[in-house]
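Participant: One structure, as structure tokens, below. Some questions next.
Readers should treat all values here as calculations from the given coordinates under stated rules, not as data from a laboratory. This is a predicted model, so every value here is computed, not measured. Neighbour counts run over all protein chains shown; Cβ positions are idealised from the backbone, glycine included.
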Ligand SMILES: NC(=O)c1ccc[n+]([C@@H]2O[C@H](COP(=O)([O-])OP(=O)(O)OC[C@H]3O[C@@H](n4cnc5c(N)ncnc54)[C@H](O)[C@@H]3O)[C@@H](O)[C@H]2O)c1
């Protein structure tokens, strides 16, 4: 299936790599540069080249897997290598990997020679349903997640569900958390479907989630309004992810967002944006579907609070949230105090007992 967007098409399903082949055949790029990590090089690159022989001459950049690679230092190395290769403005950067690769590869491409074309070929569930769509690129800096970045959409996105076969289960769950997030804020019917039938066909889940995210980012590409709703779960989630980035037990992005969703649903309930019944149902669904990753102790919470105070979305010293109101819809710009946030984390910890 194809979702047409104002910037580039999104191809989803078993024919996605055939569409990539056709896309490459009708383009006139001077050279291909594939950015991948150790795992996607091993598990996804051979199949990609098999489907798209034009990519067999591509230069390959292999990064260490994980969030630790999503830094300016890695970007500098990639820019230097592009310069060494005398890469011109007509190259195509091919991001083959999870959200770490699409965020970083999109950032590198959007700034090299003031911007060259790039495509995303997401290989993790999280990147398929979320990170590869919408044109937000960036890196972490000084422990702060995605603090340096650009908004530039990829020329196209190719989502090949076959890549999920080698994705570890923890990473799969990580992506499912974002699926539940988009359903909870944007589509009550979809929320009910995935809550009642957890093993819904993956092609359906991919198509539905991508359509929902794409609808939102098309309406508001620069996050002036409705796109803020995608931040549900992310104010507390990102802060925890940043605070624990270099700890012994770091959280994956989706795991942090899951904790964020549990805390922020509590905020929505406290602010009477969702009913008692809806709140109970959200808790039951999320806690039974996902095993929340870990307890958040006071020290960790205090560290996270510093990140919350530095959140890009804050305005006039107010900490602002996007919250479900009611299920399937979202209100953004809702303030909450640090004290109330602390209570929501306490509530989250009580769920683990
Ligand atoms: N730009 C956005 O709109 C947006 C949205 C959500 C998240 N993000 C970013 O995305 C990142 C998280 O993405 P992620 O969870 O995909 O992380 P990731 O890219 O680090 O991938 C997770 C792990 O899965 C491995 N992997 C990926 N595909 C695989 C496959 N097919 N087989 C085997 N292993 C595979 C990777 O090597 C890595 O070890 C974070 O940096 C987050 O900030 C960005």
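Participant: Can you tell me the mean projection area, over all orientations, of the convex hull of the stretch 65-175's alpha carbons? Units nm², please.
Facilitator: Across all orientations, the stretch 65-175 yields a mean hull projection of 6.8 nm².
Participant: Further, regarding this structure: Calculate the length of the line joining the C-alpha centroid of the stretch 40-62 to that of the stretch 268-305, in whole Å.
Facilitator: A separation of 41 Å, based on Cα centres.
Participant: Let me ask something additional. Mind giving me the FRET efficiency for residue 340 and residue 143? R0 is 22 Å, r the Cβ-Cβ distance, nearest 0.05 is fine.
Facilitator: Taking R0 as 22 Å, the efficiency between residue 340 and residue 143 is 0.35.
Participant: Give me the distance in nm between label points sitting 7 Å out from Cα along the Cα-to-Cβ direction at residue 76 and residue 172, one decimal.
Facilitator: Taking the two extended label points, one gets 4.0 nm.
Participant: Tell me, how many Å apart are the Cα centres for the stretch 233-251 and for the stretch 104-164?
Facilitator: First find each Cα centre; the distance between them is then 20 Å.
Participant: Also, I was wondering about something else. How many nm separate the modelled label positions at residue 289 and residue 201, each set 7 Å beyond the Cα in the direction of the Cβ?
Facilitator: 1.9
Participant: Next question, about the same structure. Taking the chain as the reference, fit the longest principal axis to its C-alpha atoms, fit the long axis of helix 99-111 to the helix C-alpha atoms, and give the angle between the two in degrees, 0 to 90, nearest 10.
Facilitator: 60
Participant: Mind checking the angle between helix 253-270 and the chain's longest principal axis? C-alpha axes, 0 to 90 degrees, to the nearest 10.
Facilitator: For 253-270 against the chain, the angle is about 30 degrees.
Participant: Mind checking the angle between helix 16-25 and the chain's longest principal axis? C-alpha axes, 0 to 90 degrees, to the nearest 10.
Facilitator: Helix 16-25 sits roughly 40 degrees off the main axis of the chain.
Participant: Taking N as the number of residues in the chain, what value does Rg over Cα atoms divided by 2.2 N^0.38 Å take?
Facilitator: Working: Rg = 19.8 Å, N = 353, 2.2 N^0.38 = 20.4 Å.
Taking the Cα Rg and dividing by 2.2 N^0.38 Å, one obtains 0.97.
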